[in-house]
1. Identify the residue in segment A:143-161 that is within 26 Å of B:T657 (Cβ to Cβ) and surrounded by fewer than 23 Cβ atoms within 10 Å (Cβ to Cβ) and, among all such residues, is nearest to the other protein chains (Cβ to nearest Cβ).
2. Filter segment A:54-83 down to residues that are hydroxyl-bearing (S, T, Y) and away from ligand 1 (no atom under 14 Å from the Cβ) and give me whichever is surrounded by the most Cβ atoms within 10 Å (Cβ to Cβ).
3. For segment B:270-296, enumerate the residues that are open to solvent by 60 Å² or more (accessible area, probe 1.4 Å), more than 28 Å from the chain's Cα centre (by Cα) and more than 29 Å from B:F478 (Cα to Cα).
4. Only one residue in B:L698, B:L621, B:L688 is in a loop (DSSP other than H, G, I, E, B) and either closer than 24 Å to B:R528 by Cβ or open to solvent by less than 30 Å² (accessible area, probe 1.4 Å) (or both). Which one?
5. Within segment B:203-215, can one find any residue that is over 18 Å from B:D408 (Cβ atoms), in a loop (DSSP other than H, G, I, E, B), open to solvent by less than 60 Å² (accessible area, probe 1.4 Å) and at pLDDT 95 or above?
6. Looking at (1) touching a residue at least 24 places away in the same chain (Cβ under 8 Å); (2) crowded, with 24+ Cβ neighbours inside 10 Å; (3) over 18 Å from B:G620 (Cα atoms), which is the one condition that is false for B:F508?
7. If you check B:D219 against the conditions, is it within 26 Å of A:P20 (Cα to Cα) and either surrounded by fewer than 21 Cβ atoms within 10 Å (Cβ to Cβ) or of a type outside the set (K, R) (or both)?
Amino acid sequence: MNPERIELIVDGTPASLDAPPAMPLLWALRHGLGHTGPKFGCGMALCGACTVFVDGKPVRACVTPVGSVTGQAVTTIEGLDDPVGAAVQAAWAAASVPQCGYCQAGQVMGAVALLRATTRPSDAQIDDAMRGHLCRCGAYPRIRAAIHAAAERLATAGADD
Amino acid sequence: MIGADGVVTVVSPKAEMGQGITTALAMLVAEELECRWEDVRVAPSPIDRIYGNIAVVVDGLPFHPDADGPLVRSMRWLTAKTMRELGVMMTGGSSSVRDCWEIAREAGATARVALLEAAAARAGVAVSECRASQGRVIIGEQSFGYGELAADAATRRPGRVTLKEPAAFTIIGRDLARLDAAEKARGAPLFGLDVRIDGMKYAAVVMAPTFGAVPTQVDTAPAPGVHAVFTLEPTGFGDPAAVVAVADTWWHAREALRTRGITWSESPHAGLSSEAILADLREAAREPSGLPFRSVGDTEEILAQATRVIEATYEAPYLAHATMEPMNATVRVTDGTAECWVGTQVPGFARKAVAQVLDFDEGRVTIHQRALGGGFGRRLDVDFIAQAAAIAKRVPGVAVQLLWSREDDMRHDAYRPAAVGHLSAALGDAAQPIRAIASHSASQAPFKSYSRRVGFALTAAGPDKTTAEGTWDQPYAFGAIRSTHAERDVPVPVGSWRSVGHSHQAFFVESFLDECALAAGRDPLAFRLAMLEAHPRAAAVLRLAAERAGWRADGTVVDGVAQGLALHWSFGSLVAQVAEVERGGPDGFRVRRIVSAVDCGLPVHPAGVRQQVEGSVVMGLTAALRGAVTVTGGAVVQGNFHEYPLLRIDECPIIETHLVASDAVPTGIGEPALPPVAPAVANAIARLTGVRLRTLPLRLPAEARV
Ligand code: FES
Ligand code: FES
């Protein structure tokens, strides 16, 4: 457990901390660097609550050693600032997706990753992309509807450009 | 509270755990206040006796919901009065809107009148010349914003106020967006585990791996990044013995505990297993000697004489709450005072627990309420809060955040009790389908056990209504009924799990009624309706669900899809569901669609009601299809979501919800749509496969999976 100096870029800003490289990125973010957006749900990549992007790709921060992402760009929900993120978050609010809301940071990250890769996902594609995100409150029907709504909003906005 | 900027802050005594109470409560206040919805915010209230929860305990009395004799009325009154005096601030029992239906509107109306009076005084006119609209008081051509009147209005004490008639509502009944949706979609730091305080430390625990074990050996030497390692005795609020590490990050604390070579004493309950517990419950449910909850007519006699008796035994396992946010609490003890940041359904009990652990006056303890990352009854318990206080006591002056891992959370829950129900019925004719029904069930007593843990004397002894609820309190007219429950004592902690006794009793009763209907060769819908003539609201809900689902009275399987039906009455609300099930998938069947019809009185926030129904259906399906906590060797087996799977989005059926239009006083909606899910699905499976599943979770035998 010997700490090392670890440098990364979090939400566009260079950040560094002294931590054992084996420490999961989730705890480096939450307890080392003050980012409370990604949540802790299982610690075993089973629930999706801790989802962040590393170099644009979604990863489960609870099982990603911080030492493995040195020098890479980490995006938490707090740093979502592109049109896809904005569309997803607006759709989430409009459809009142969250109940307790605890899983929702992870759900939103999952939805953003999906829409960046697939502009008009089918129900099956949504299921496929989102099945790793658990929600004990049962927001699933609204998650599905909000992803479609966000996709539509983005398509219309794109058509206007 | 109204600020000079015109922003209206509604102080909510109810914890927001996802059920949307924040929004519904604000709507009640705003309706009477005549403010602009955009100006409304909600803040948690400090602990205050005025906010004690009355509805939840009055509902706990073992009277049939239709009963209204003088004795029943006076008992309800007496209990309500006791509750007011005890001032238990509790969010649970689907009671929040019911509890606040009048007082929240009165609060809004009182504030409106105070504002009118302030405006009248300022303009030098009579109050009758002023009217309130959209956050302003209008007097002829003149108008004042609420913000500019707020300071003066706050000094006024208007007398009695008259509330609007439902026809005049402009906010209640509207589908407004949830007030908390946007910030939750941003991952905002709302929850207990998002609390950050300068210089804080994080605590991890290893708790007794078997019921009642204590640590016998631990290496407590400090290590880099690790502040302290120590053992902790149970506080008496339900937490087991534990070894604790306090460190700079939670991960350091966890890692520190991994290498401590902790050994534990043998559990006094090392032989305890689910099989043995269920065998005992089966036997107990066979004995009609349990505590009688309702006895009308000569049930035993009719059953003994009847030529045709239907009989069946049903079983349900322990269930964990598995809120997505694991249990956590942050406590700081400084100079004889304590602060605690926590998401809890019971801030009053939380304060009491912290005070007792620290041996402080309650007045020296402050509870800072946080959003709850799921409650479902788990956060009625204060075990983890008491444990956090005991940890913080060992590191004075430092705020310590205790966080349980998922495994800690799942293996140290207060579970939905395992239960067995034995039902028998004498069939009758078309006019009286069931001449007599007997329901004998057996389980631990969840609310009594809970009451003992938190020290709530009112319900710590005597009959626990939650054990048998869902059997004897339903709207059906039976020729005769006898309902008993045998309470068992088992060292597995049990508590309130969303809809409590209803969660499994509805499965027993509604599966059984279906078996009776099929045995009588009748359509399960017509069979039930014949017993609901005295209960038009229940009949209407059932008809609505059947009509919207396209119910097939002949029970045929069309395009591979079979239907099943269930009705249940809980927390004052009626819910009927039709489940559609088809062949396929690893289980041999798949739930395609759940259509619900709901009568919860006047829906204050219809979108919120529908959302609660969706959530209850999903949670009910998880329980019906997957949920089981098992005990082996005195320990809970399941630790994480691979062993206790939750329904996923790709398994989530189409969920349709229809609300009955009503002007009746609003009743509960956080729980009532959960109980009918499992029986509706089981009834559909019986139609689809010919196999009657009487044990939860529903698993088809391999040969029936085709
Ligand atoms: S906390 Fe990382 S997937 Fe659950
Ligand atoms: S909104 Fe509560 S867990 Fe998803």
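The values are calculated or read from the model by the stated rules, or taken from the named source; none is laboratory data. Here the structure is a predicted model, which is why all the values come from computation and not from measurement. Cβ coordinates were reconstructed from backbone atoms using ideal geometry, including for glycine residues, and neighbour counts include every protein chain displayed. Surface accessibility is based on the protein's heavy atoms, side chains included, excluding ligands, DNA and RNA. Shrake-Rupley method; radii C 1.70, N 1.55, O 1.52, S 1.80 Å.
1. A:R144
2. A:T75
3. The answer is B:G271, and nothing else.
4. B:L698
5. no
6. Just one mismatch for B:F508, condition (3).
7. So B:D219 passes the test.
Let's see how each residue does on (1) within 28 Å of B:T22 (Cα to Cα); (2) touching a Cys at 6+ places or on another chain (Cβ under 9 Å); (3) in a loop (DSSP other than H, G, I, E, B):
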position	(1), (2), (3)
B:I367	yes, yes, no
B:I385	yes, yes, no
B:A392	no, yes, no
B:V420	no, no, no
B:A431	no, no, yes
B:S439	no, no, no
B:A442	no, no, no
B:S449	no, no, no
